[in-house]
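The values are calculated or read from the model by the stated rules, or taken from the named source; none is laboratory data. The model shown is predicted, which means the values in this text are computed figures rather than measured ones. Using ideal geometry, Cβ is built from the backbone for each residue, glycine included, and neighbour counts are taken over all protein chains shown. The protein model used for the area step is the full one, side chains on, heavy atoms only, and it has no ligands, DNA or RNA in it. Shrake-Rupley method; radii C 1.70, N 1.55, O 1.52, S 1.80 Å.
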Amino acid sequence: MNREPLGVGIVGAGPVVQAIHLPTLARLPDLFAVRSIMDVSPDVAAAVSGRIGAGASATLDELLADERVEVVAICSPSAFHASQVIAAMRAGKRAVLCEKPFATDREQAEQIAEVSRETGVPVIVGAMHTFDPGWTAAVTEWESLGHEAHTIRSRVVLPPNARFETSATEVLTPRPASGLPDLDDPSVRAGMVSGGVMGLAVHDLPLIRRLLPATDRPATDDVEVVSASALSPWGYELGALVHGRLVHAVGALTEQWRPTWELEVLSDTASMLLEFPPSYVHAGSAVATITTGEKTVRFGPHAHNGYEGEWRALHAIASSGSAAAPGVETLIEDLVFAVDLASAAAGRVRQEEIR
Amino acid sequence: MTALNALNGSNALTVRVEPAAGLRVAAVTAALATLPLSYREAGRDAEVVVVSGEPGWDERVRAAARTGARGVLVKDPVPLPTAATLQAEVPDCVIVLAETWASHPLLRSAAEQFAEPIGRAHLIDARSVEPATGRSLRAVLFAQLRAVQNLGIGVVSLAIAAETPSSILGVGRSASGARIALSAARSDTSDGSLDLLLVGRAETIRLALSDSGAVRPGRAMLTSEADAHELPTAWQSPLRTSLLALHDALSTGTPTDQLREFTEAAVLLDPGAGPSAG
Ligand SMILES: NC(=O)c1ccc[n+]([C@@H]2O[C@H](COP(=O)([O-])OP(=O)(O)OC[C@H]3O[C@@H](n4cnc5c(N)ncnc54)[C@H](O)[C@@H]3O)[C@@H](O)[C@H]2O)c1
């Protein structure tokens, strides 16, 4: 058991690192110490690492060559995740945390799994809701009571990210403002809906898969997208049958101030409602309620959300070896589920009649 | 009319509740009991007749009009694609529909007070849960559609996108191009309420409407960039609201125009149609 804090290397130092990971790591000084930060922009790497007294690396190779770096967090844009995760594993690091989504297609996901098996380096995906203690407590109860979900509905309506980022840290690299999309263009609609699934809905897709398990093994998800729509200025509406059970999801980024992040799960005799805080802020866990018959039982709020949970999980697997790691198969199945949904929804939304 | 007459309720309309299978007579009687100045129960020659909205309700309306009723309240009318012409057939009789959710008092105030943001919404998402012993899921979707219409939203298309033994999803568009999604699922944990979410670029509106018999108030909240505006709660069931609307229409002579949109909804959600494109 490692008694010293584990040395952390961070790849990509954008708003997610500044607002999510560094404040989380600041609460876990006994477990982690950030040693090096790398970004394609050397100025960003220097400024962000300078804030916490860590070193800056100019390249990924330099960061990986640093022996003080024992675990690596990949926080670059999604397109780079797979190759950087693989490089970190091949460099013999003890464990890798990759921001969601950890790959952009099935092939990449399988490569990661292959290298993880080959090198024995475990990987965790930063899907923070899967680590949220409100969720884990509620789903344990739900499963122990034997409830079988037949309908899941998700609603995510958020104010601009900047509102949360600026209350979680002092952001160094503000996001560029985006204009209004041209939803008359089918490829704009397709990009928005698949981006919505891979960027926002993706947080809850592992939860949905867990609640709607496949009946066969190895699990193949039987997914049929039955409705898809792009929303202005940014959002999606998505309906799907997953193993014959209804999943309906809406997500939107708006200018109004109220964040709504809900997942509603229904069975014949029970229902579960999960209310998550928005991303970036460190506002504690989801509050979950399970209603059966005449009573409602509440789980949470716990003091921390899944951000702390994912780092604690990383520490556990890095300290005790990959046996403690979640199966890489589950990560692949979760990713393939998201990719399949995103591409089927994109295909459907291209055909959408928008008037 | 003397003031005392009014206080005694002697200006009340006489009302007869037609016993029929499926009509929850007790609920109507209970609602009438909360309007002692407006209504007085009477027998055959009542001015107002309350009929069940089970299949054949148009025939019940015609029959009531033939017996001289000035007003008919139809409780929980099932979809009827031919309802549009009914009012013209009985010109001397005011027809008011008492619907789950669609007759909710909060819906009308939201339609009036939030009219502009409602018009700017890009997404209208309606969700409810129905008990195992409740209505058919298509009937629930119809009731949701009626509530959306009563928010002042013109619905131009709607199709069933998915239907399983436990749930249903319908999607469509409003006249202004907003995406409409209606979904219902079965669970015994149902509290009978309808949850409506409207999302625009800079506002959201959320409404929670209790079921038709309940006096439990709903909630209507408009959230914008800088603040939020909640409508006052109305401690009045949708059924009582409909009875008052009928009384108003008869005392002021103002005609009601519910049947046109009701018919449009019935045509959009033709019960014979199977799952179709979304
Ligand atoms: N868990 C959450 O709540 C959450 C929320 C939003 C985003 N995310 C995920 O986190 C990741 C980062 O998000 P972000 O908003 O900070 O992204 P971003 O694109 O704003 O910033 C990423 C940073 O990576 C740098 N970069 C670009 N290419 C690089 C490369 N090849 N190698 C190293 N650095 C590179 C950029 O210069 C930038 O500073 C994304 O994968 C995103 O999907 C997670």
Discussion item. Here is a check on your reading of the model: is A:V121 within 20 Å of A:R312 (Cα to Cα) and not in a helix (DSSP H, G or I)?
Written reply: yes
Fill in: Within the stretch B:184-202, tally of residues that are facing chain A (nearest Cβ under 9 Å), within 18 Å of B:F142 (Cα to Cα), open to solvent by 10 Å² or more (accessible area, probe 1.4 Å) and not charged (D, E, K, R)
1
Worksheet item: What number of residues in the stretch A:57-80 are part of a helix (DSSP H, G or I) and open to solvent by less than 80 Å² (accessible area, probe 1.4 Å)?
Response: 6
Worksheet item: Do you know which of the residues in the stretch A:36-53 that are free of Cβ contacts under 8 Å to residues at least 40 places away in the same chain and in contact with a strand residue (DSSP E or B) (Cβ under 6 Å, 6 or more places away or on another chain) is farthest from the ligand (Cβ to nearest atom)?
Response: A:I52
Discussion item. Considering only residues that are farther than 26 Å from A:A13 by Cα and of a type in the set (S, T, Y), which ones fall in the stretch A:168-209?
Written reply: A:S187
Worksheet item: What about A:A56, is it within 14 Å of the ligand (Cβ to nearest atom), modelled with pLDDT of 95 or more and over 30 Å from A:V287 (Cβ atoms)?
Response: yes
Item to complete: Residues being touching a helix residue (DSSP H, G or I) at 6+ places or on another chain (Cβ under 8 Å) and either without any contact (Cβ under 8 Å) to a residue 60 or more places away in the chain or acidic (D, E) (or both): count how many of those fall in the stretch A:62-80.
Response: 2
Discussion item. Can you tell me which residue is nearest to the ligand (Cβ to nearest atom) among those in the stretch A:121-160 that are more than 14 Å from every other protein chain (Cβ to nearest Cβ) and among the acidic types (D, E)?
Written reply: A:D132
Worksheet item: In the stretch A:234-254, is there at least one residue being part of a loop (DSSP other than H, G, I, E, B), open to solvent by 20 Å² or more (accessible area, probe 1.4 Å) and more than 14 Å from the ligand (Cβ to nearest atom)?
Response: yes
Response to the item:
By residue number, the members of the stretch B:50-75 that are part of a strand (DSSP E or B) and of a type in the set (F, W, Y) are none
Worksheet item: Out of all the residues in the stretch A:7-34, which are more than 16 Å from the ligand (Cβ to nearest atom) and crowded, with 23+ Cβ neighbours inside 10 Å?
Response: A:F32
Worksheet item: In this structure, does B:R146 turn out to be open to solvent by 10 Å² or more (accessible area, probe 1.4 Å) and of a type outside the set (F, W, Y)?
Response: no
Practice prompt. Give A:A95, A:A87 a once-over and let me know the one that is small (G, A, S) and within 12 Å of the ligand (Cβ to nearest atom).
Written response: A:A87
Item to complete: Output the number of residues of the stretch B:149-172 satisfying the condition of being over 20 Å from A:S229 (Cα atoms), facing chain A (nearest Cβ under 9 Å) and not hydroxyl-bearing (S, T, Y).
Response: 1
Item to complete: Restricting attention to the stretch B:12-47, report how many residues are touching a residue at least 24 places away in the same chain (Cβ under 8 Å), of a type outside the set (K, R) and open to solvent by 80 Å² or more (accessible area, probe 1.4 Å).
Response: 5
Fill in: Residue list for the stretch B:35-49, restricted to those being in a strand (DSSP E or B) and either of a type in the set (A, V, I, L, M, F, W, C) or more than 21 Å from the chain's Cα centre (by Cα) (or both)
B:R40, B:E41, B:V48, B:V49
Item to complete: Could you please let me know if A:S154 is under 20 Å from A:K100 (Cβ atoms) and not in a loop (DSSP other than H, G, I, E, B)?
Response: yes
Worksheet item: For A:N161, all conditions in the list (1) over 23 Å from A:A13 (Cα atoms); (2) at pLDDT below 95 hold save one; what is the number of the exception?
Response: (1)
Item to complete: Tell me which residues, restricted to the stretch A:187-233, are part of a loop (DSSP other than H, G, I, E, B), touching a Lys or Arg at 6+ places or on another chain (Cβ under 9 Å) and within 14 Å of another protein chain (Cβ to nearest Cβ).
Response: A:L212, A:L231, A:S232, A:P233
